[in-house]
Amino acid sequence: MLRIEQVNRLRLTAAVPEIDVGAIAEGAPAELSVQAWPGKKFSGTVKRVSHAVDPKARTMPVELDVINPDGKLASGMYAEVRWPVVRSAPSLLVPRTFRAART
C-alpha cells in the first residue's frame, strides 16, 4: 500500500467557535505555530469558511492554506492559530497604569 502526501502546501482545518466566526475574513493572513517547532511562526491564508455549524460543539470549520517550502510542517500536526480579527466597532482598551480615583 502506498500513501502520497504533498507537504509543500498544506490545508489546515480549524474549528472556530460560532461566536468568533463573524470576525474571520476570507483571504486574511493568519499566524500559526506547532509544538514540534517552539518559537517558530508559520503563516497561512484563510481560504474557506464552511458556513455550517457543528451542532454539538457549536463550531464552524475554517480552512487555511499554509505554504511549507522547507517541509518543517507535517500532515497531522496540531497547530495553534492566531486569527486576524476584524471588528465592527473599536475595542475598549484600559491601560495597565490606569488606577481608579480614590474617594
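The values are calculated or read from the model by the stated rules, or taken from the named source; none is laboratory data. The model shown is predicted, which means the values in this text are computed figures rather than measured ones. Ideal geometry is used to build each Cβ from the backbone, glycine not excepted, and the neighbour counts take in all protein chains shown.
Search region 55-64 for residues being crowded, with 16+ Cβ neighbours inside 10 Å and not β-branched (Val, Ile, Thr), and hand back the single one that is farthest from the chain's Cα centre (by Cα).
Looking only at region 55-64, we keep the residues that are crowded, with 16+ Cβ neighbours inside 10 Å, and these are 59-64.
Filter once more, so that each one left must be not β-branched (Val, Ile, Thr): 60-61, 63-64.
On the way: MET60: 12, PRO61: 11, GLU63: 9, LEU64: 8 Å.
In this case the residue turns out to be MET60.
Being among the charged types (D, E, K, R), at pLDDT 90 or above and loosely packed, with under 13 Cβ neighbours inside 10 Å narrows it down to one residue among LYS41, LYS47; which is it?
Values: LYS47 fails: loosely packed, with under 13 Cβ neighbours inside 10 Å.
Result: LYS41 is the single residue among LYS41, LYS47 that is among the charged types (D, E, K, R), at pLDDT 90 or above and loosely packed, with under 13 Cβ neighbours inside 10 Å.
Of the conditions (1) at pLDDT 90 or above; (2) among the hydroxyl-bearing types (Ser, Thr, Tyr); (3) assigned to a loop (DSSP other than H, G, I, E, B), SER33 clears all except one; give me its number.
Exception for SER33: condition (3).
How about region 65-80: which of its residues are surrounded by 10 or more Cβ atoms within 10 Å (Cβ to Cβ) and touching a residue at least 60 places away in the same chain (Cβ under 8 Å)?
ASN68, LEU73, ALA74, SER75, ALA79
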